[in-house]
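Accompanying notes for the structure given below.
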Amino acid sequence: MDKKEPFNITVNGGQHEFSFMPEEAKNLDIVPDGAGKYQIIYQERSYKAELLEADYQARQFSFRINGAKYTLHIADHYERLVKQLGLHTASGVKQNTIKAPMPGLVLNIMVAPGQSVSKGDALLILEAMKMENVLKAANDGTVKSIAVQKGAAVEKGQLLLEME
């Protein structure tokens, strides 16, 4: 697909919405300023940004920008298409495997085999790019098995745990 599609960004659950073309990222001047902290210059204005939370699978991110907290949801072309087709309402489908969304290091495992979990419960913490990412249960269930150990280095897509 050659046609470039914008990312639709929703701020604070719909308080603000805007579109952002991938090539517009070239107009951002982003300089790392410590772990999870950045200095951003956009349209001759300076912003201090700190990444607070990142859920890469859900494409949801929390930032503190110039002291104010913002939660962003980034929808790409495929997510919009799925929503348009009505497939996003298939919430009865359970996610039985949790895989690493990126390469990283397992910092902590908060569950054990046989443990019941609810949607949104923290399962484990994966450190990637000097940021801690809490992986959460996508649905209610029971932990069937854990495929990694604390301190293990994992690759993107590697099985972390199974649910039933």
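No value in this document is a laboratory result; all are computed from the given coordinates. Quick caveat: nothing in here was measured; it's all calculated off a predicted structure. Positions of Cβ are backbone-derived with ideal geometry, glycine not excepted, and every protein chain shown enters the neighbour counts.
Among the listed pairs Lys69/Lys130; Lys4/Lys136; Lys26/Lys156; Lys4/Lys119; Lys37/Lys144, those whose Cα-Cα separation exceeds 30 Å are Lys4/Lys136; Lys4/Lys119; Lys37/Lys144. Under a 5 Å amide H cut-off, with hydrogens placed 1.01 Å from N, Asp121 pairs with Ala137 among residues at least 5 apart or on other chains.
Given +1 on the Cβ of Lys and Arg, -1 on the Cβ of Asp and Glu, and no further charges, what dipole in debye does the chain carry about its Cα centre, rounded to the nearest 20? Write out the running numbers ahead of the final one.
Numbers: 19 positive and 20 negative charges, 34 e Å.
Computed charge dipole of the chain: roughly 160 debye.
Modelled spin-label separation between Lys119 and Glu155, with each label point placed 7 Å from Cα along the Cα-to-Cβ direction: 3.3 nm.
Order the peptides 147-153, 107-113 from the highest to the lowest mean number of other Cβ atoms within 10 Å of their residues. Display every interim value, and only then the final one.
Values: 147-153: 12.4, 107-113: 14.0.
Top of the packing list down: 107-113, 147-153.
Here the extension length gained between Gln15 and Lys69 equals 18.2 nm, from 0.36 nm per residue of separation less the Cα-Cα distance. Peptides 129-139, 40-50, 55-65, 13-23 ranked from most to least packed give 129-139, 55-65, 40-50, 13-23, packing being the mean of other C-beta atoms within 10 angstrom over each peptide's residues.
Calculated from the structure at hand, Rg/Rh (Cα atoms, Kirkwood Rh) is found among [x] 0.94; [y] 1.00; [z] 1.37 as [y]. Taking a point 7 Å from the Cα of Asn139 along the Cα-to-Cβ direction, the residues of region 36-64 with backbone N closer than 19 Å to it are 57-59.
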